[in-house]
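Participant: The structure under discussion is supplied below as structure tokens; questions concerning it will follow.
What follows is calculated from the coordinates using simple rules that are stated; it is not laboratory data. All values derive from a computational prediction rather than experimental measurement. Cβ sites come from the backbone with ideal geometry, for glycine too, and all protein chains shown count toward neighbours.
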Amino acid sequence: MVHLVSADKQRLLAVGRELGMQAAWLQYKPLKDPRTGERVPAWHWDVRGDRLKRL
């Protein structure tokens, strides 16, 4: 399993559509920007199995 992470929610949703994932599975978790130390909005998919192979 991998976490596919981005601050660009729309981009992750587009990848999810290509992989046959449901938007409801997208998880929100603010992450710390290593450049500033501030928390920024971020989303991630848990990708495993056949979907992981397709990545």
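Participant: Give me 9, 53 ranked fewest to most by other Cβ atoms within 10 Å of their Cβ, as a rough exposure proxy. Mind showing how you got there, number by number?
Facilitator: Values: 9 14, 53 8.
Ascending number of Cβ neighbours within 10 Å: 53, 9.
Participant: Considering the Cα trace of the chain, what is its radius of gyration and what is Dmax, both in angstroms?
Facilitator: Radius of gyration, then largest Cα-Cα span, for the chain: 11.9, 36 Å.
Participant: Give the residues of the stretch 24-55 whose amide nitrogen is closer than 15 Å to a point set 7 Å from the Cα of residue 8 in the direction of its Cβ.
Facilitator: Residues passing the 15 Å test: 42-44.
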